[in-house]
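Below is one structure, written out as structure tokens; comments come after it.
The values are calculated or read from the model by the stated rules, or taken from the named source; none is laboratory data. The model shown is predicted, which means the values in this text are computed figures rather than measured ones. Positions of Cβ are generated from backbone atoms using ideal geometry, with glycine treated the same way; all protein chains shown enter the neighbour counts.
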Amino acid sequence: MPGSPANRFRIKSPERLVAEAGADLEGHGLKRHMGLYQLVCFGIGAIVGTGIFVGLSDSVAQAGPAVVVSFVLAAVTCVFTAFSFAELGGAIPVSGSSYSFAYAGLGEGTAFLVGWCLLLEYGISVSAVAVGWSQYVNELLHSLTGWQLPADLSAGPGDGGVINLPAVIVIALAAVLLVRGVRESARATAAMAILKLAILVAFCAIGFTAFKHGNLTPFSPAGLGGIGAGTTAAFFSYIGFDAITTAGEEARNPRRDIPVAILVCIGVVTVLYCAVALAAIGAIGGSEVGGRSAALSYVVNQVTGSTIGGGVIAFGAVIAIASVVLAVMYGQTRILMSMSRDGLIPRVFERVSPKTSTPVTGTLIVAVVFAVPAAFASLDSVVNLCTIGTLATMAVVNIAVIALRRGAPGLARTFRVPLYPVMPLLGVAFCLYLIYETGWTTWVQFAVFLAAGFLVYVLYGRRHSRLVATTAEVTPDATAAETQAV
């Protein structure tokens, strides 16, 4: 109805989102290849990478040994929001993730801005992760051959170089693998996830052999302020767990498996991060870990007195960070595909190859666009902007849970947020706190970014939206059939 709230706010019903996602738009659709094991590996592949292998040193520099508390606080923020993602990911199993959840709960304008913010979480984070990858490539080359890439070819202008060639190469390799097909990408991600977990467990075993309690004192040299700043830095290590929900159209049983995969990933990663931080600081002290590039390799070299162990860690980091690039690029292409399907961005992003069942053109565009900041930007210049965009998106997802509980109480939910509405409200509060900790410079950059997104929506997205281009709703029979198929 023209005067209904759904039309006024351009809200798309969850049933319609699911039905449209299942429709074969051009005779070619995505294929359901991923089970629970693949989803868990995909989640770990998206999370564990630059944040722990590279970003740990920044977190330690802020918080000292109390970085363990920072990791726990960052995990708590993620857990509150993970419950919300689990509920919505099981109820609305589509590729759009946060964007689609916002469309169903808060309307098209908010959804577009969420999708715009996801360019930071997924797109810019690809650049940041690729920059971190090059640090460990150099460390690996040095441990194997004693030679490193010249600074001009392994760092952008912000880090004293000319172009970060390894960062461009890893993005290109991920794009090639993604266009080959989801089955191949899932297998590669699973293998890399297992390898990097094994490497981190081995690091903990080595680090704890040299553990000294005195290295943990003073525990919090910068006080609560340092812990807060460390939490913001540590949060980057958790970015990517929501990428699991972008596999909603390629999971075999998304309503059951997506919620389970999200919660398993957060639990495993939190325990692992705290163990790695304790092992690193306990072995050589926070002052030695803080601010050091390729910190984990350095710790192992110091403990073992040899570069061989550090080389193994560097090899694991190269694999680990490459898997993050692969998983996050996958998520970005699926979100853009959902936005394109709704008409809010050009249709080129929704085209799926009949040969590979993947959005080939969209993947190549994403690779080219985000290879540019990877080649020329420094890691520090993009991490905070990526973090604030992610936090804003997570806050919206928590609000969407509340909106959909009220607006769609009959929606089939395979998982429900416990202690509702306390949990989602706490999720919003923790997100706002970490946004505050990013600092005013990041706030200004983010405000400019949002303003640009609003202009794009007004000038293009709103005019081309397919939601208002047709007044025909999905029929109940079609919706029921699709829901049963899912």
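Observations, loosely collected:
- Residue that is surrounded by the fewest Cβ atoms within 10 Å (Cβ to Cβ) [pool: residues in the range 238-255 that are charged (D, E, K, R) and part of a loop (DSSP other than H, G, I, E, B)]: Arg252
- Test: residue in the range 294-313 that is free of Cβ contacts under 8 Å to residues at least 24 places away in the same chain, within 28 Å of Pro221 (Cα to Cα), of a type in the set (Ser, Thr, Tyr) and part of a helix (DSSP H, G or I): yes
- Residues located in the range 154-169, provided they are surrounded by fewer than 22 Cβ atoms within 10 Å (Cβ to Cβ) and either within 21 Å of the chain's Cα centre (by Cα) or over 25 Å from Leu385 (Cα atoms) (or both): Val168, Ile169
- Per the conditions (1) crowded, with 20+ Cβ neighbours inside 10 Å; (2) assigned to a helix (DSSP H, G or I); (3) touching a helix residue (DSSP H, G or I) at 6+ places or on another chain (Cβ under 6 Å), the sole criterion not satisfied by Gln135 is (3).
- Arg32 meets each of the listed conditions (1) at pLDDT 90 or above; (2) surrounded by fewer than 24 Cβ atoms within 10 Å (Cβ to Cβ); (3) more than 21 Å from Ile266 (Cβ to Cβ) apart from (1).
- Only listed residue being within 19 Å of Ala193 (Cα to Cα) and either surrounded by fewer than 24 Cβ atoms within 10 Å (Cβ to Cβ) or not aliphatic (A, V, I, L, M) (or both), chosen from Gly267, Gly310, Gly343: Gly267
- For Thr231, the conditions (1) surrounded by 24 or more Cβ atoms within 10 Å (Cβ to Cβ); (2) under 16 Å from the mean Cα position of the chain (by Cα); (3) modelled with pLDDT of 85 or more all hold with the exception of (2).
- Just one residue in the set Ile266, Ile262, Ile258, Ile281 is in contact with an Asp or Glu (Cβ under 9 Å, 6 or more places away or on another chain), more than 14 Å from Asp58 (Cα to Cα) and part of a helix (DSSP H, G or I); that residue is Ile262.
- Failed condition for Gly267, given (1) touching a residue at least 60 places away in the same chain (Cβ under 8 Å); (2) more than 28 Å from Gly439 (Cα to Cα): (1)
Matching residues to (1) more than 29 Å from Glu15 (Cα to Cα); (2) at pLDDT below 85; (3) of a type in the set (Phe, Trp, Tyr):
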residue: Ile47; (1), (2), (3): yes, yes, no
residue: Gly64; (1), (2), (3): yes, no, no
residue: Val69; (1), (2), (3): yes, no, no
residue: Ala82; (1), (2), (3): no, no, no
residue: Glu87; (1), (2), (3): no, no, no
residue: Ser100; (1), (2), (3): no, no, no
residue: Gly107; (1), (2), (3): no, no, no
residue: Leu113; (1), (2), (3): no, no, no
residue: Leu118; (1), (2), (3): no, no, no
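- Which numbered condition Ser338 fails, given (1) surrounded by fewer than 22 Cβ atoms within 10 Å (Cβ to Cβ); (2) closer than 30 Å to Tyr460 by Cα; (3) small (Gly, Ala, Ser): (1)
- Some residue of the range 202-212 being of a type in the set (Phe, Trp, Tyr), over 20 Å from the mean Cα position of the chain (by Cα) and assigned to a helix (DSSP H, G or I): yes
- Note on the range 412-462: among residues that are crowded, with 17+ Cβ neighbours inside 10 Å and among the hydroxyl-bearing types (Ser, Thr, Tyr), the one that is nearest to Phe80 (Cα to Cα) is Thr414.
- Hits in the range 97-122 - residues which are touching a Phe, Trp or Tyr at 6+ places or on another chain (Cβ under 6 Å) and crowded, with 24+ Cβ neighbours inside 10 Å: Ala111, Phe112, Val114, Gly115
- Here the condition is being over 16 Å from Gln135 (Cα atoms) and in contact with a helix residue (DSSP H, G or I) (Cβ under 7 Å, 6 or more places away or on another chain); of Gly305, Gly331, Gly311, it holds for Gly331 alone.
- Any chance Ile227 is assigned to a helix (DSSP H, G or I), in contact with a Cys (Cβ under 6 Å, 6 or more places away or on another chain) and under 23 Å from Ile435 (Cβ atoms): no
- Some residue of the range 391-411 being out of contact with any strand residue (DSSP E or B) (no Cβ under 6 Å at 6 or more places or on another chain), buried (at least 20 other Cβ atoms within 10 Å of the Cβ), more than 17 Å from Gly107 (Cα to Cα) and not acidic (Asp, Glu): yes
- Within the range 351-374, if we keep just the residues that are in contact with a Ser or Thr (Cβ under 9 Å, 6 or more places away or on another chain) and assigned to a loop (DSSP other than H, G, I, E, B), the residue that is surrounded by the fewest Cβ atoms within 10 Å (Cβ to Cβ) turns out to be Ser353.
- Hits in the range 99-142 (condition: more than 25 Å from Ala447 (Cβ to Cβ) and touching a strand residue (DSSP E or B) at 6+ places or on another chain (Cβ under 7 Å)): Ser134
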